[in-house]
């Protein structure tokens, strides 16, 4: 299913009920799906089946980023996040990107890595070669653990070995490469490496310790690129964005915040779709450190015409089946809003959203400053915290912004004055 149109002009100005009706129409949602967004999405009974020692549930807002065009198709992007301005920033970046045709995105095959740690080897390099001689046998044994995955075109696509030096002597680390198709794949991969460990011990004469999936999903990458014309942005803004990117490239202190901004968008979509935010974030930050330092996940440069071109490459260990994606009613609705048909398509959405989020942050830093949009919503939160309600919220927030004092104590003073 594809969205009819993601360019929803004035969407942010409409009442919540009006927005829901627009989303219902654009995404052909059922009454049950609309209800999952309006009501408490996860029942206590469902929650009790997901984790241990459940005492309740915790809710966050679900927002919709509009205007996204990816590979010529429109997408409405559900985002779950507590931080103000993130959804608006992504929508604005996507609106500007549409002028140049939107985002172009692609992915590698959905391959995850399972690791087996072999210790106690006197000849680890010889053991590695001997192990690789049994590749066909080991792949067959691993695939026997998940025939359903194999039937759907997935399964093991390779076996590798690495020798690492440690304080306990050399380790032989076996990598099992598994095409997980539309699942994130942790359970399937972990089952496979557990099954292989005894046979690998027999072949190498070593002892296996850890047998587990790696969240460094550098075989499962998503890439996106986008271009903004100099006529749209202006030379000064483009220069500022490239300078901000270069600052992140040469300084890890800046780079941490640069990449955090990217993950604002990525993690919000990962959360909305019921995927593992910790796995995706661990993979992204590990990938950013593969070059021997810590580097930006995006790149910004000028093309031959002087236009701004951005690109991103990130690991995307996500699925559209299994786990919370199949259990949580809001996650299922979010996937229907997105209309993605595979984990690879979801990966392309994540890369595009991350790139959009990064552009919006850099543009704000290079022009009016990051606080302008962020503080407008923050001021409303401060006004509510100070006791404002109804029309007074907007009045107090506007006054705090104009005075440059966005604090709870100042909001309380304003409420007293405005109430006479």
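Derivation of every value follows stated rules applied to the coordinates shown; laboratory data play no part. Because the structure is predicted, anything quoted here is derived from the model rather than measured. Note that we place each Cβ from the backbone using ideal geometry, even for glycine, and neighbour counts take in every protein chain shown.
For the chain, the longest principal axis of the Cα atoms and the long axis of helix 235-250 meet at an angle of about 40 degrees. Which of 242, 401, 23 ends up with the largest GNM mean-square fluctuation for the chain, with Cα atoms connected below 10 Å? Its mean-square fluctuation being the largest, the pick is 401. Model label sites at residue 109 and residue 164, defined 7 Å from Cα along the beta-carbon direction, differ in position by 2.5 nm.
Listed highest first by mean packing, meaning other Cβ atoms within 10 Å per residue, what order do 194-202, 275-283 come in? Provide the component values of the computation, followed by the final result.
Details: 194-202: 16.8, 275-283: 19.4.
Packing order, densest peptide first, comes out as 275-283, 194-202.
Using only the alpha-carbon atoms, how far is helix 277-288 inclined from the longest principal axis of the chain? Give it as 0 to 90 degrees, nearest 10. Once rounded, one gets 80 degrees. Note on residue 246 and residue 22: the extension gain reaches 76.6 nm, defined as 0.36 nm multiplied by sequence separation minus the Cα-Cα distance. Using Cα-only point scatterers and the Debye equation, what is log10 of I(q)/I(0) for region 204-280 at each q in 0.23, 0.27 Å⁻¹, rounded to two decimals? With no solvent term, the Cα-only Debye profile gives -1.20, -1.26.
Of the candidates 192, 184, 49, which one comes out as most mobile in a Gaussian network treatment of the chain with C-alpha springs shorter than 10 Å? It is 49. For region 320-350 versus region 117-171, the spacing of their alpha-carbon centroids is 31 Å. Can you tell me which of 171, 58, 75 moves the most in a GNM of the chain? Springs connect C-alpha atoms under 10 Å apart. It is 58. Taking Cα atoms only, the orientation of helix 252-272 departs from the longest principal axis of the chain by about 90 degrees. When the P(r) is computed for region 111-214, the part past 15 Å accounts for 56% of the Cα-Cα pairs. Calculated on C-alpha atoms, the gyration radius of region 372-418 divided by its Kirkwood radius gives an Rg/Rh of 0.90. Listing 52, 394, 59 from fewest to most neighbouring C-beta atoms within 10 Å gives 52, 59, 394. Against the empirical curve 2.2 N^0.38 Å, the C-alpha radius of gyration of region 1-74 lands at a ratio of 1.38.
Show that you can apply the helix-only estimate: for the chain, add -39,500 (n - 2.57) for every DSSP H stretch of four or more residues, divide by all residues, and state [θ] at 222 nm to the nearest 500. Walk me through the numbers on the way to the answer.
Values: 18 runs with 212 residues, N = 420.
Computed ellipticity for the chain at 222 nm equals -15500 deg cm²/dmol.
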